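To start, the structure itself, in structure tokens.
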Amino acid sequence: EVDVMKGYMLYVTTKIPNPAYTSEIFARTSVIDFTVTMKGLGDQLLGLVIMKEKSELESERMKLMEDVTANKKKMKELEDNLLYRLTSTKGSLVDDESLIQVLRTTKATAEEVSYKLTTAAETGIKITAAREEFRTVATRGSILYFLIVEMSMVNCMYQTSLGQFLDLFDSSMQRSAKSPITAKRIGNIVEYLTFEVFKYACRGLYESDKFLFTLLLALKIELDNGRVKHHEFQTLIKGGAALDLKAVQPKPFKWITDMTWLNLVELSKLMQFSEVLNQISRNEKAWRIWFESDAPEEEVIPDGYSNSLDTFRKLLLVRCWCPDRVLPQARKYVAESMGVKYAEGVILDVKAMWEESKRSEER
């Protein structure tokens with residue numbers, strides 16, 4: 001044990017997310033989690049967007065929060081004062097004129113404060129609804145930041161600070177095309193921000209990792225807007241790796257490898273492919289010709305899948321049958337979902353990079 005002076009405080013920081021301290025440590029200390037979360041960053045970015053696009057709305061919201069806090073504090077003071085008078089009064093409460101006056105004042109003030117709080121709540125709902133128009137921009141920004149951060153799991157050299165990203169976010173709002181129509185303005189910001197962050201991130205990645213980042217970008221955006229389901233994403237990433245060959249339906253033909261069959265079993269759990277195993281059994285010749293072609297992603301898929309599947313679902317099918325042909329089909333998917341400029345890669349623009357460095361110096 002060590003004797004310490006009164007008022008001494010020790011601050012300890014850790015980079016460990018959600019540290020597993022004992023209950024004794026939690027009881028004796030104040031543990032503050034400063035980890036940036038998707039929702040927290042989204043709210044922070046939304047505030048930045050509103051300050052730029054609807055500054056009067058954000059000012060009104062801040063004033064409203066201050067008023068609500070002040071009114072709640074006033075209510076607490078009144079309650080504490082009334083409780084103190086009630087407990088400290090001697091004799092009959094009815095005969096205490098000052099106490100009766102405090103009661104009247106408290107009642108009148110409480111009614112006034114309650115009315116203000118009710119009005120503030122109604123105003124808050126309207127302000128929140130107006131702010132939520134720009135939620136799309138904040139959500140896209142949050143997705144982009146966390147994707148960049150997650151790239152550090154691919155290579156520890158890929159490090160980007162939140163400050164750098166916020167500078168990029170701010171400049172994207174300033175440079176994107178203006179429009180008096182809110183929906184169009186939001187679309188302009190989202191489009192400009194996405195491509196700017198894409199160029200910025202790709203500039204710091206090794207060539208071998210650039211398309212991985214691009215594909216993940218397309219997938220995360222489509223996951224957010226619901227065009228790709230989570231279980232479909234899991235099938236693309238994992239295939240049938242978690243399945244046991246002895247525990248699934250036996251493969252009908254020897255030319256189908258064990259891993260391919262497990263992938264197809266997992267794929268058959270998706271609604272669009274619920275009959276794929278039976279179709280392969282019934283139509284072996286067509287599937288084998290398609291599978292053994294040089295570029296299956298360019299050929300007509302048997303049993304009408306070429307017409308019934310979109311680009312992403314075709315990517316799932318190619319991934320399960322021919323993992324070596326995933327990259328060409330993935331480029332098609334990126335080009336269709338994000339635009340051709342994302343699939344083609346980015347040529348380094350030294351002049352633009354120099355301008356960006358000058359903006360950073362000015363800050």
* Asked: Applying the selection to segment 31-77, what residues are closer than 30 Å to Asn18 by Cβ, assigned to a loop (DSSP other than H, G, I, E, B) and among the charged types (D, E, K, R)?
  -> Asp33
* Asked: When only residues in segment 241-284 that are open to solvent by less than 30 Å² (accessible area, probe 1.4 Å) and of a type in the set (Ser, Thr, Tyr) count, which is farthest from the chain's Cα centre (by Cα)?
  -> Thr260
* **Matching residues, segment 324-342, being touching a residue at least 24 places away in the same chain (Cβ under 8 Å) and open to solvent by 20 Å² or more (accessible area, probe 1.4 Å)** => Arg325, Leu327, Pro328, Arg331, Lys332, Glu336, Ser337, Met338, Lys341
* Given (1) in contact (Cβ under 8 Å) with a residue 12 or more places away in the chain; (2) open to solvent by 70 Å² or more (accessible area, probe 1.4 Å); (3) more than 27 Å from Val334 (Cβ to Cβ), number of the condition Pro180 does not satisfy -> (1)
* Structure fact -> Only one of (1) open to solvent by 70 Å² or more (accessible area, probe 1.4 Å); (2) at pLDDT 80 or above does not apply to Asn155, and that is (1)
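Would you check if there is a residue in segment 88-98 being part of a helix (DSSP H, G or I) and among the hydrophobic types (A, V, I, L, M, F, W, C)?
no
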* Residue pairs meeting the criteria (Cβ under 8 Å; at least 6 apart or on separate chains; first within 12 Å of Arg61 (Cβ to Cβ), in segment 115-140; second at pLDDT 85 or above and aliphatic (A, V, I, L, M)) -> Arg131/Leu46; Arg131/Ile50
* Within segment 93-103, is there a residue that is under 30 Å from Gly42 (Cα atoms) and either of a type in the set (A, V, I, L, M, F, W, C) or surrounded by 15 or more Cβ atoms within 10 Å (Cβ to Cβ) (or both)? -> no
* To do: Go through segment 110-134 and give me each residue that's under 30 Å from Ile181 (Cβ atoms) and among the β-branched types (Val, Ile, Thr).
  => Thr123, Ile125, Ile127, Thr128
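So, in segment 214-233, of the ones that are of a type in the set (A, V, I, L, M, F, W, C), touching a Leu at 6+ places or on another chain (Cβ under 8 Å) and part of a helix (DSSP H, G or I), which residue ends up nearest to Gly141 (Cα to Cα)?
Leu217
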* Structure fact -> Filter segment 206-240 for residues that are of a type in the set (A, V, I, L, M, F, W, C) and more than 19 Å from Gly339 (Cβ to Cβ); the one that is least open to solvent (accessible area, probe 1.4 Å) is Leu236
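The values are calculated or read from the model by the stated rules, or taken from the named source; none is laboratory data. Since the structure is predicted, the reported quantities are computational estimates derived from the model, not experimental observations. Backbone-built Cβ (ideal geometry, glycine too); neighbour counts: all protein chains shown. For the accessible areas, the whole protein counts, side chains as well, though only heavy atoms, and no ligand, DNA or RNA atoms are used. Shrake-Rupley method; radii C 1.70, N 1.55, O 1.52, S 1.80 Å.
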